[in-house]
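*Asks:* Sending over a structure as structure tokens; questions will come in a sec.
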Amino acid sequence: MESYIPISFLNDFIFCPRSIYFHQLYGRMESRLYQSRDQIDGKAAHKTIDTKTYTTSKKVLQSLEIYSKRYGLAGKIDTYDKSKQQLTERKKKIVHIYDGYVFQLYAQYYCLEEMGYEVKSIRLYSMDDNRVYPIQLPMEDINMKNKFDSLIRQIHSFSLDEPFSPNPNKCTRCIYTNLCDVSYA
């Protein structure tokens with residue numbers, strides 16, 4: 001049986017590789033019991049995408065399930081405009097463009113391409129301030145593409161038993177601190 005890495009794990013893994021394990025411990029528990037305010041707000045902001053009510057335009061795919069056998073990834077896109085061949089990842093509020101945001105777009109890009117869709121442009125959209133951030137395609141930014149490839153390899157080979165150095169700045173903001181045996185918080 002093949003297992004796919006959820007695309008949402010890419011940003012989480014960068015934040016803290018151990019967080020993915022702890023997230024799984026919560027299983028099907030009501031997410032309001034453990035998610036932070038930012039996570040709850042972000043989920044609410046995605047409601048129109050998740051329910052496919054963001055637009056009625058037939059040229060815009062919403063919340064399409066995607067996968068990549070090559071990278072072992074699966075997830076959903078926010079929107080893909082078929083006429084513009086443009087992929088958009090929506091965030092509640094973008095203050096800084098983190099590598100994890102870009103890697104989520106790369107993952108979606110590769111999945112769509114592997115599924116037969118042509119993608120000519122990718123972008124991030126900040127809902128709170130209505131700002132668009134164009135992102136270079138992977139082949140246009142080889143450094144980021146290499147970092148993406150490295151991240152995928154790290155996730156596929158990660159073991160909770162590996163030596164781990166916690167980051168105090170991240171630990172204090174982590175919702176899994178109470179479960180972690182090496183947290184600084």
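*Asks:* Conditions: (1) assigned to a helix (DSSP H, G or I); (2) open to solvent by 20 Å² or more (accessible area, probe 1.4 Å); (3) not small (Gly, Ala, Ser). VAL95 meets all but one. Number of the miss?
*Replies:* With respect to (1) assigned to a helix (DSSP H, G or I); (2) open to solvent by 20 Å² or more (accessible area, probe 1.4 Å); (3) not small (Gly, Ala, Ser), VAL95 is out only on (1).
Okay, residues lined up against (1) more than 26 Å from GLU118 (Cβ to Cβ); (2) among the aliphatic types (A, V, I, L, M):
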| position | (1), (2) |
| --- | --- |
| ARG131 | no, no |
| ILE135 | no, yes |
| MET139 | no, yes |
| ASP149 | no, no |
| ARG153 | yes, no |
| SER157 | yes, no |
| PRO163 | yes, no |
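*Asks:* Let me ask something else about it. Quickly run through the range 143-170 and pick out the residues that are more than 20 Å from the chain's Cα centre (by Cα) and hydrophobic (A, V, I, L, M, F, W, C).
*Replies:* Within the range 143-170, LEU160, PHE164 qualify.
*Asks:* Of everything in the range 99-141 that's over 18 Å from PHE15 (Cβ atoms), part of a helix (DSSP H, G or I) and among the acidic types (Asp, Glu), which residue is most open to solvent (accessible area, probe 1.4 Å)?
*Replies:* If we take residues in the range 99-141 being over 18 Å from PHE15 (Cβ atoms), part of a helix (DSSP H, G or I) and among the acidic types (Asp, Glu), then GLU140 is most open to solvent (accessible area, probe 1.4 Å).
*Asks:* OK, next. Looking at the range 64-92 only, could you name the residues that are charged (D, E, K, R) and assigned to a strand (DSSP E or B)?
*Replies:* Matches in the range 64-92: GLU65, LYS76, ASP81, GLU89, ARG90, LYS91.
*Asks:* Of the residues that sit in the range 142-185 and are basic (Lys, Arg) and surrounded by 13 or more Cβ atoms within 10 Å (Cβ to Cβ), which one is farthest from TYR98 (Cα to Cα)?
*Replies:* Here the answer is ARG173.
*Asks:* Still on this structure, please answer the following. Collect the residues in the range 69-92 that are surrounded by 15 or more Cβ atoms within 10 Å (Cβ to Cβ) and touching a residue at least 60 places away in the same chain (Cβ under 8 Å), keeping them in residue-number order.
*Replies:* Listed by number, the residues that qualify are TYR71, LEU73, ALA74, GLY75, LYS76.
*Asks:* Going by what's in this entry, would THR55 be described as touching an Asp or Glu at 6+ places or on another chain (Cβ under 9 Å), at pLDDT 65 or above, hydroxyl-bearing (Ser, Thr, Tyr) and over 30 Å from ASN178 (Cα atoms)?
*Replies:* No.
The values are calculated or read from the model by the stated rules, or taken from the named source; none is laboratory data. Everything quoted here is computed from the prediction, not taken from an experiment. Neighbour counts run over all protein chains shown; Cβ positions are idealised from the backbone, glycine included. What goes into the accessible areas is simple: the full protein's heavy atoms, side chains included, and nothing from ligands, DNA or RNA. Shrake-Rupley method; radii C 1.70, N 1.55, O 1.52, S 1.80 Å.
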